[in-house]
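Everything on this sheet refers to the single structure shown next.
The values are calculated or read from the model by the stated rules, or taken from the named source; none is laboratory data. Small disclaimer: the values here were computed from a predicted structure and weren't measured. All Cβ positions, even for glycine, are placed from backbone atoms using ideal geometry, and neighbour counts span all protein chains on display.
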């Protein structure tokens, strides 16, 4: 069965094309260590493959024989709109990549159900009008997790969906939405994703989680990429480690890969070096 490319050329090559279909992957890391940039690059490169093959070939190269780009790319956000995300993409990679990729991304804005139970003024998060899909339109006080579930049910099958971010859900825990609610949705998502056959990326800032919460999210994901800062001598380096990952980890173990050194350049997030067991 064809794999889904993460959009990081060297990583996809090492993994034999990308992620096996039907996976939920948690991108968990320290602030600024690369998890968000990984997410942006994955979205942009997969979208670019659908809308501008020449630019995709320039920045990514050739897909592996057993890899296929998902037909639709969906970006779900709880706090940001299309324009904000577009600007963030431009900060992460070359302008020409961001400008070409954005039209190939379907944006879902959950800011209305996210903020509506808070003291935030409505005109701070209402989009008037916007190309971004407003899932909480009108005065309906919908349940945020239900809105998320409905969107995924409609769009996740066979596609790439990124959720930005689980950190926002954790910070919104209240009487209306408890941590147990979030945990159950994440566990259900893992089961549903297997049948949907696409790829779902979940972004979370580890600094905001307790050990129990971190463990629960990792258990609810098919794989976890952990991003961190390391200091060696006078330099700081971003690194990435792949934790348990169905259909992927065995390949890394065969090649004795224990850690990836990463960087961010005009092409977005990238692998700069591979550390192996000596």
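Would the range 47-63 turn up any residue that is buried (at least 24 other Cβ atoms within 10 Å of the Cβ), within 14 Å of the chain's Cα centre (by Cα) and closer than 29 Å to residue 207 by Cα?
No, the range 47-63 contains no residue that is buried (at least 24 other Cβ atoms within 10 Å of the Cβ), within 14 Å of the chain's Cα centre (by Cα) and closer than 29 Å to residue 207 by Cα.
Would you mention how many residues in the range 194-220 are under 13 Å from the mean Cα position of the chain (by Cα) and closer than 14 Å to residue 165 by Cβ?
6
Identify, from the list 57, 66, the residue that is farther than 18 Å from residue 272 by Cα and at pLDDT below 95. Walk me through how you get there before you give the answer.
Details: 57 fails: at pLDDT below 95.
Step by step, each of 57, 66 is checked, and only 66 is farther than 18 Å from residue 272 by Cα and at pLDDT below 95.
Would you kindly identify the helices (runs of 4 or more DSSP H) lying entirely within the range 174-278 that contain at least 3 residues that are modelled with pLDDT of 95 or more and surrounded by 12 or more Cβ atoms within 10 Å (Cβ to Cβ)? Explain how you work it out, then say what you get.
Numbers: elements: 179-196, 211-219, 249-254.
Hits in the range 174-278: 179-196.
Under the condition of being closer than 21 Å to residue 198 by Cβ and more than 15 Å from the chain's Cα centre (by Cα), which residue from the range 75-108 is surrounded by the most Cβ atoms within 10 Å (Cβ to Cβ)?
101
Looking for whichever is more than 19 Å from residue 107 (Cβ to Cβ), buried (at least 22 other Cβ atoms within 10 Å of the Cβ) and in contact (Cβ under 8 Å) with a residue 60 or more places away in the chain here; the options are 16, 34. Which one fits? Can you show your working first?
Details: 16 fails: buried (at least 22 other Cβ atoms within 10 Å of the Cβ).
On inspection, the qualifying residue turns out to be 34.
Mind checking which residues of the range 244-274 are in contact (Cβ under 8 Å) with a residue 24 or more places away in the chain and farther than 23 Å from residue 201 by Cα?
255
Return a yes/no flag: does the range 223-243 have any residue that is free of Cβ contacts under 8 Å to residues at least 60 places away in the same chain, under 25 Å from residue 70 (Cβ atoms) and touching a helix residue (DSSP H, G or I) at 6+ places or on another chain (Cβ under 9 Å).
Checked the range 223-243: at least one residue is free of Cβ contacts under 8 Å to residues at least 60 places away in the same chain, under 25 Å from residue 70 (Cβ atoms) and touching a helix residue (DSSP H, G or I) at 6+ places or on another chain (Cβ under 9 Å).
Report, by residue number, each residue of the range 1-36 that is assigned to a strand (DSSP E or B), within 15 Å of the chain's Cα centre (by Cα) and within 23 Å of residue 156 (Cα to Cα). Spell out how you get there, then give the answer.
Narrowing the range 1-36 to residues assigned to a strand (DSSP E or B): 3-4, 19, 23-29.
If we keep only those that are within 15 Å of the chain's Cα centre (by Cα) too, we end up with 4, 19, 23-29.
Within the range 1-36, 4, 19, 23, 24, 25, 26, 27, 28 qualify.
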